[in-house]
Amino acid sequence: MKGKRLLMIPGPIEFTDEVLAEMSLPTLSHVDPQFIEEFGQAIEKMRKVWLAPNGQPFAVAGSGTLAMELAAANITEPGDNVLIVHTGYFSDRMADIFRLHGANVDIVPSGVGDLPSLELVRAQLKAKYYKTLSITHVDTSTGVRADVKNLAAAAHETGTLVVVDGVCAVAGEELRMEEWGVDIALTASQKAVGVPPGLALLVASSRAIDAFKARKSPVRAYYCDWQYWLPVMEAYEARKAAYFGTPPVNLVRALNVSLGQILSEGMDARFARHAKNARAFRAGLTAMGVKFVPAREEIYANTLTAAWYPEGIDASVLGHIAAEGAVLAGGLHPAIKTKYFRIGHMGMSDASEILATLGAIERGFARAGYRFSPGSAVAAAQAVLAKG
Ligand code: PMP
């Protein structure tokens, strides 16, 4: 590794050399024919990565929180009812954003590390008309993955729009946007999409665009308003220049490269690789006696692992692990913040990255005085990775 530390947090992640090389190119004019072509290609590739052949992609300078606000601001009118499937920190944020844009927000609650049952969400959808159901696909604060497919199906029974915060999921967790009937799936560049931070990305279904076009009141945010962004996205895709806000040229070009890499792996292969890598991580940590924050195996995320510090270990172990070569993240959920840590494993993570990270975790835990059998985590992960 020659002193390099692996960045294994839930975003930003390790980026490929090709993406980083693209970022370093001299910046083109945003109306340069080459940039217009590359932006157009990136928009087309987003549809394929989101598995939404008829969706409308948006790529706007900003972080994932902007993508959340783009979604909420454009489809919400004052007085609309919105239902939130509560999984943790980021569903609270989504609730706040919907409220700011005039929605009456109801929350289907859950305990820390869990999510509400499908039956509970379905019952609430039937109890009152909701214009929108909001789901955090993977709640980065707990490592809990929601069952987007079945939640979306429940929302369709009542004609409710489905918004998926996929910031910690898109291009890593299985998401079949059109087949599952998701109306907005949003993310940010720095996670499984594999591009340095700075792009808010979302794809909207025709139902979401229709809901926007049928608005009776103006969007309550200037920079978010699709009336300005839609013509820009349509123009670039038609290989024409357009301007509303200057696009982050280097990031968009890097996005085009990264989406190309994602598509050459293939979405099914990519989902399967993320699932296998996550199993390998969990096998490794389990071998060390470490336990996980999510309540049940079927809700474990594939893009990150949230694990409790074992007895006698606290957040200071993260410094030891970083010194041994892997940067991990501490806790985020306010109720348990000091009690757990998080490992991101998304994007192009391969077997050597996983084994190197688990090796660093073993050495870091050993430095912190934790007793376990050295090599056990690496061996357990290797057993998963070596299976065809
Ligand atoms: N939603 C989820 C699920 C996230 O993980 C994050 C970022 N960790 C966000 C939203 C917000 O994204 P950003 O930090 O890029 O604004």
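Points to keep in mind about this one:
- Filtering the stretch 202-238 to residues that are assigned to a loop (DSSP other than H, G, I, E, B) and either open to solvent by 80 Å² or more (accessible area, probe 1.4 Å) or not assigned by TED's automatic domain parsing to the domain that holds Val252 (or both) leaves Lys216, Pro218, Arg220, Tyr222, Tyr223.
- Any hit, the stretch 52-61, residues being farther than 21 Å from Glu173 by Cβ and within 16 Å of the ligand (Cβ to nearest atom): yes
- Within the stretch 117-152, the residues that satisfy the criterion of being surrounded by fewer than 21 Cβ atoms within 10 Å (Cβ to Cβ) and either closer than 14 Å to Ala295 by Cβ or of a type in the set (Asp, Glu) (or both) are Ser117, Glu119, Asp147.
- Unmet requirement for Leu28, which otherwise passes all of (1) at pLDDT 95 or above; (2) open to solvent by less than 30 Å² (accessible area, probe 1.4 Å): (2)
Conditions (1) farther than 24 Å from Glu237 by Cβ; (2) surrounded by fewer than 22 Cβ atoms within 10 Å (Cβ to Cβ), marked per residue:
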| position | (1), (2) |
| --- | --- |
| Lys48 | no, yes |
| Gln56 | no, no |
| Leu70 | no, no |
| Ile75 | no, no |
| Gly79 | yes, yes |
| Val82 | yes, no |
| Thr87 | yes, no |
| Arg93 | yes, yes |
| Asp96 | yes, yes |
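- As a summary of the residue check, Ala241 satisfies the conditions (1) part of a helix (DSSP H, G or I); (2) closer than 28 Å to Leu28 by Cα except for the one numbered (1).
- Residue within the stretch 178-201 that is surrounded by fewer than 24 Cβ atoms within 10 Å (Cβ to Cβ) and basic (Lys, Arg) present: no
- Any hit, the stretch 149-168, residues being under 23 Å from the mean Cα position of the chain (by Cα), within 16 Å of the ligand (Cβ to nearest atom), aliphatic (A, V, I, L, M) and assigned to a helix (DSSP H, G or I): yes
- Subset of the stretch 293-311 (residues that are under 23 Å from Ala169 (Cβ atoms), open to solvent by 30 Å² or more (accessible area, probe 1.4 Å) and of a type outside the set (Lys, Arg)): Ala295, Glu297, Glu298, Tyr300, Trp308
- Condition check for Val112: within 16 Å of the ligand (Cβ to nearest atom), closer than 30 Å to Thr338 by Cβ and open to solvent by 20 Å² or more (accessible area, probe 1.4 Å): yes
The values are calculated or read from the model by the stated rules, or taken from the named source; none is laboratory data. As the structure is a prediction and not an experimental result, all values here were calculated from the model. Methodologically, a virtual Cβ is constructed for each residue, glycine included, from the backbone with ideal geometry; neighbour enumeration extends over all protein chains shown. Calculation scope for accessible area: heavy atoms of the full protein, side chains included, ligands and nucleic acids excluded. Shrake-Rupley method; radii C 1.70, N 1.55, O 1.52, S 1.80 Å.
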